[in-house]
1. What are the residues whose amide H is under 5 Å from the amide H of ILE133, where those residues sit 5 or more places off or on another chain and H is modelled from the backbone?
2. Could you work out how far helix 168-177 tilts from the main Cα principal axis of the chain, as a 0 to 90 degree angle to the nearest 10?
3. For region 296-408, what relative contact order do you get, as a whole percent, if you take Cα pairs closer than 8 Å and at least 6 residues apart?
4. Provide the gained length on full extension for the span LYS333 to ARG252, in nm with one decimal, where the gain is 0.36 nm per separating residue minus the Cα-Cα distance.
5. Would you report the distance distribution of C-alpha pairs in region 344-403 as whole percents per 5 angstrom bin, up to the bin with the largest distance?
6. Size of the dipole of the chain about the Cα centre, Lys and Arg at +1 and Asp and Glu at -1 on the beta carbon, nothing else charged, in debye to 20?
7. Ranked from highest to lowest mean number of other Cβ atoms within 10 Å per residue, what is the order of the peptides 219-231, 155-167, 349-361, 98-110?
8. Whole-Hz ³J(HN,Hα) for each residue in region 391-408, computed from phi via Karplus 6.51 cos²θ - 1.76 cosθ + 1.60 with θ = phi - 60°, x for glycine and proline: what do you get?
Amino acid sequence: MPNVRTRIAPSPTGFAHVGTAYIALFNLAMARKNKGKFILRIEDTDKKREVEGGIKVIEEGLKWLGFTWDEFYRQSDRLDVYKKYAQRLLDEDKAYEEDGGIILRVPREYVSWQDLIRGEITFPKEEMKDFAIIKKDGFPTYNFAVVVDDIEMKISHVIRAEDHISNTPRQITVYQALGAALPEFGHMPLLRNADRSKISKRKNPVALSWYQQEGYLPEALVNFLCLLGWSHPEEKEIFSFDDFVKNLDLARVRKTGPIFDRDKLDWINGEYIREMKNEDLKAKIYDFFEGKYDKDLVEKLVPLVKTRIKTLKEFDSLCSFFLATSEVEVDRKLLGRNYKKHLAAAIAALEKNESLDKVPQKNGFKVGDFFMDLRIALTGQKITPPINESIEILGREESIKRLQKVLG
Ligand code: GLU
């Protein structure tokens, strides 16, 4: 396809929304697949909604996902362009002034287009009415600025969320008034909460920064977002962005709103963690905790926890007991009836440098009960990395100290 140019046009409302990432993903892939260009255009003409630093947050969120753009624009730099186009429409009597604003004359005719995702969409002529293109404060309305920009930036495919379907007829009338060719339109289904309502922060975290802070891997989140809107032709669940680009076909985009299923995301993230080289996972975990765990400790722990964590952050809940600085709190209610005997026998074995595996049989303990008491006394937790390896890493001396402390 020649000269494919796609874009996203987010508003700087204070955070990078996961829905923006989802739409960006499809636009970016469409551009990359066709050796075209992907454009980031900031819609910042609504000064009331703009938040300080909002543009930077969007850029950082997209960069974290590995998304790059070829051109960047801010609508607030382009106010003269919108004025020029509006003036042209006034001069041609296709628009008129009213109450200090400029209004487009809209023919009372039905409007229809072939949507790349939804097929033909038609709006009845009764719904077509004149509308403002420049507000009385001199700023353009969304429906006008978006079209002027899409024309000037030669956007070939407008791929965006389905809540813009109702704006499209008005935008088409702007193209027609300006005598410009229409781009292709494709309206993606909105991401949804489990109850099928539009994704919202009351029911799901929507800021990309949340996913970053919770220790999701950007590649895994991208994979998850791909699957929300699309299915792989070979029905693969785990695939790279490049694989997605190669196989992208908008005809395979789902028409019904995908449920944002965080369990699925956790599963995908866990798969990426398991697939990672130990060396890489070590670096990721070390960086994630900003030095809280030293490199040697992370290196020893990575092979023990790799199959047990679904996010980088979970490393902490499994492993914080290793840190000498962490005073392990042991809730005695978690311990079994025979814990005193169990711990005393474990201390004796550790002091003689004997294997703990033999202790239960020698003393007539139940294996599971013995190790559970030992685990809880050493770590304060019921779920940890394997206990023998953990003791080795903790060191015999430190382990004995912890057990003695619990015995009191
Ligand atoms: N600011 C709009 C949004 O993010 C842009 C819509 C469009 O792509 O035309 O929903």
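What follows is calculated from the coordinates using simple rules that are stated; it is not laboratory data. Because the structure is predicted, anything quoted here is derived from the model rather than measured. Reconstructed Cβ throughout: ideal geometry from the backbone, glycine too, with neighbour counts over all protein chains shown.
1. It is ILE102, ILE103, LEU104, by chain and number.
2. 40
3. Worked out over region 296-408, it gives 33 percent.
4. Values: separation 81, 0.36 × 81 = 29.16 nm, distance 5.41 nm.
In short, 23.7 nm is gained.
5. 4, 19, 34, 28, 13, 1
6. Working: 67 positive and 65 negative charges, 249 e Å.
Dipole of the chain, to the nearest 20 debye: 1200 debye.
7. Details: 219-231: 21.7, 155-167: 18.5, 349-361: 12.8, 98-110: 14.8.
Highest to lowest by the protection proxy: 219-231, 155-167, 98-110, 349-361.
8. So the Karplus estimates, Gly and Pro as x, are 5, 4, 6, 5, x, 5, 4, 4, 5, 4, 4, 5, 5, 5, 4, 5, 5, x Hz.
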